[in-house]
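Some notes on the structure that comes next.
The values are calculated or read from the model by the stated rules, or taken from the named source; none is laboratory data. Owing to the predicted nature of the structure, the values given are computational and were not obtained by experimental measurement. Heads up, the Cβs are rebuilt from the backbone with ideal geometry, glycines too, and the neighbour counts pull from every protein chain shown. Each accessible area value is taken on the protein alone, full model and side chains, heavy atoms only, with ligands, DNA and RNA left out. Shrake-Rupley method; radii C 1.70, N 1.55, O 1.52, S 1.80 Å.
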Amino acid sequence: MRMDLATPRTEAGHDRHASLCVIGSGSRGNCSILRVPIPGGERLIMIDAGLSPRRSAALLEGLGLRMDQVDGVIFTHLDCDHFQPAWVQALPAHARVYVHRSHRARAEAGGLLYRRAVLFTDAVEVTLSPPEGSRDRPAFAAACVTSAHDDLGSVAFRFSFAGGGDLGYATDLGCAGDELLACLAGVSTLAIESNYCPELQRASDRPAFLKRRITGGRGHLSNHESAEAAHRIDPARRLVLLHLSEECNTPELAAAAHARMRDRGPIISRQDAPTPWISLEPAAPRPPRVRQTQGSLFDAALAR
Ligand SMILES: [Zn+2]
């Protein structure tokens, strides 16, 4: 059963609002595309560049897009499944790279800082090419939180777009701490890793050190850790699952763990095919989650 194929190719609101397509996600390479409308057109920002430039260009072409529309790449971190060094040469000349300060040395070693680089810490402004005939450079912003992934950490983002839509993007987390949950709370669309099933991880023939690295709080989130984080973040519109392990997870297990959020997806990203375009439009206002107590029911009856 392939649940992600049941979702529509394009959601309503796609033309007026930013949208997200995860073109590939998993241990063999990660890349998502943000498609951002500007007056008279649209521009693209990549989140991570872990697929080869050739494959990414072919996938973009399949989506009716061109590499010269890419204005930049924003990196969660620089592990080889998120950054292939061939991108240093392959990006369009005008494109910027956005790198967290804690990844500076690795970025320098990988040649990334020879490009137009923007280093950031807890917030970043992402600049787009100006519309034709205009000097105004559109931009959007993100708040950032680092999490304890391996030695250098990984960056999670809360992107906010003109028109009110937003996106939480969190992968390679290790664990979902309070700072991350607070940063992403109530976001409209949440894309979060749901890496492994603990039973499949235990049963796999991976070496013990690798299992410890993945499950020890500085590697990846299990399906249930991801589901707990997603429940606490409580995205208003959509849930997208990232970075499923091919060896130690299945789309069915990940979906089952997130079953209580069935009304918001989840859309499950894949290693070998893009997701549909996911509109990042703002959600309609929701009533707050209120836990009704005996006392308040009694008070309400008295007030009638
Ligand atoms: Zn990764």
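Conditions: (1) open to solvent by less than 60 Å² (accessible area, probe 1.4 Å); (2) closer than 20 Å to Phe159 by Cα. Arg101 meets all but one. Number of the miss?
(1)
For the structure I just gave you, tell me whether Leu113 is within 15 Å of the ligand (Cβ to nearest atom) and open to solvent by 40 Å² or more (accessible area, probe 1.4 Å).
Judged against the criteria, Leu113 is not a match.
If you go through region 70-88, how many residues are surrounded by fewer than 20 Cβ atoms within 10 Å (Cβ to Cβ) and over 17 Å from His243 (Cα atoms)?
3
Give Leu242, Leu210, Leu253, Leu221 a once-over and let me know the one that is within 16 Å of the ligand (Cβ to nearest atom) and at pLDDT 95 or above.
After applying the criteria, what remains is Leu242.
Output the number of the condition that Gly64 fails; it satisfies all remaining conditions of (1) within 16 Å of the ligand (Cβ to nearest atom); (2) assigned to a loop (DSSP other than H, G, I, E, B).
Evaluating Gly64 over (1) within 16 Å of the ligand (Cβ to nearest atom); (2) assigned to a loop (DSSP other than H, G, I, E, B) leaves (1) as the failure.
Give the residues of region 26-45 that are crowded, with 18+ Cβ neighbours inside 10 Å and either more than 16 Å from the ligand (Cβ to nearest atom) or under 16 Å from Arg96 (Cβ atoms) (or both), sorted by residue number.
Ile33, Leu34, Arg35, Val36, Pro37, Ile38, Arg43, Leu44, Ile45
A quick yes/no check of all residues on (1) within 26 Å of Arg28 (Cβ to Cβ); (2) of a type in the set (D, E, K, R); (3) in contact with a Pro (Cβ under 6 Å, 6 or more places away or on another chain):
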{"residue": "Val88", "(1), (2), (3)": "yes, no, no"}
{"residue": "His94", "(1), (2), (3)": "no, no, no"}
{"residue": "Arg101", "(1), (2), (3)": "no, yes, no"}
{"residue": "Arg116", "(1), (2), (3)": "no, yes, no"}
{"residue": "Phe120", "(1), (2), (3)": "no, no, no"}
{"residue": "Glu132", "(1), (2), (3)": "no, yes, no"}
{"residue": "Arg137", "(1), (2), (3)": "no, yes, yes"}
{"residue": "Gly163", "(1), (2), (3)": "no, no, no"}
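If you scan region 70-86, which residues turn out to be among the aromatic types (Phe, Trp, Tyr) and more than 14 Å from Arg28 (Cα to Cα)?
The answer is Phe75, and nothing else.
Which pairs have Cβ atoms under 6 Å, sit 6 or more apart or on different chains, and link a residue in region 254-282 that is at positive phi to one that is open to solvent by less than 30 Å² (accessible area, probe 1.4 Å)?
Between residues of region 254-282 that are at positive phi and residues that are open to solvent by less than 30 Å² (accessible area, probe 1.4 Å), the close pairs are Gly265/Leu239.
Quick one: which residue in Leu51, Leu113 is of a type in the set (A, V, I, L, M, F, W, C) and at pLDDT 95 or above?
Result: Leu51 is the single residue among Leu51, Leu113 that is of a type in the set (A, V, I, L, M, F, W, C) and at pLDDT 95 or above.
Among His77, His103, which is the only one that is assigned to a helix (DSSP H, G or I) and either within 16 Å of the ligand (Cβ to nearest atom) or in contact with a His (Cβ under 7 Å, 6 or more places away or on another chain) (or both)?
From the options His77, His103, the qualifying one is His103.
Quick check: anything in region 29-46 assigned to a loop (DSSP other than H, G, I, E, B) and either within 15 Å of the chain's Cα centre (by Cα) or polar (S, T, N, Q) (or both)?
Yes, region 29-46 contains a residue that is assigned to a loop (DSSP other than H, G, I, E, B) and either within 15 Å of the chain's Cα centre (by Cα) or polar (S, T, N, Q) (or both).
Tally the residues that are part of a strand (DSSP E or B), open to solvent by less than 10 Å² (accessible area, probe 1.4 Å) and within 16 Å of the ligand (Cβ to nearest atom), restricting the search to region 133-160.
Summing the residues that are part of a strand (DSSP E or B), open to solvent by less than 10 Å² (accessible area, probe 1.4 Å) and within 16 Å of the ligand (Cβ to nearest atom) in region 133-160 gives 4.
Tell me, which helices (runs of 4 or more DSSP H) wholly within region 193-285 include 3 or more residues that are open to solvent by 10 Å² or more (accessible area, probe 1.4 Å), small (Gly, Ala, Ser) and over 19 Å from Arg158 (Cα atoms)?
Correct list: 251-257.
Condition first: of a type in the set (Ser, Thr, Tyr) and within 27 Å of Cys248 (Cβ to Cβ). Can you find one or more residues in region 159-167 that meet it?
no
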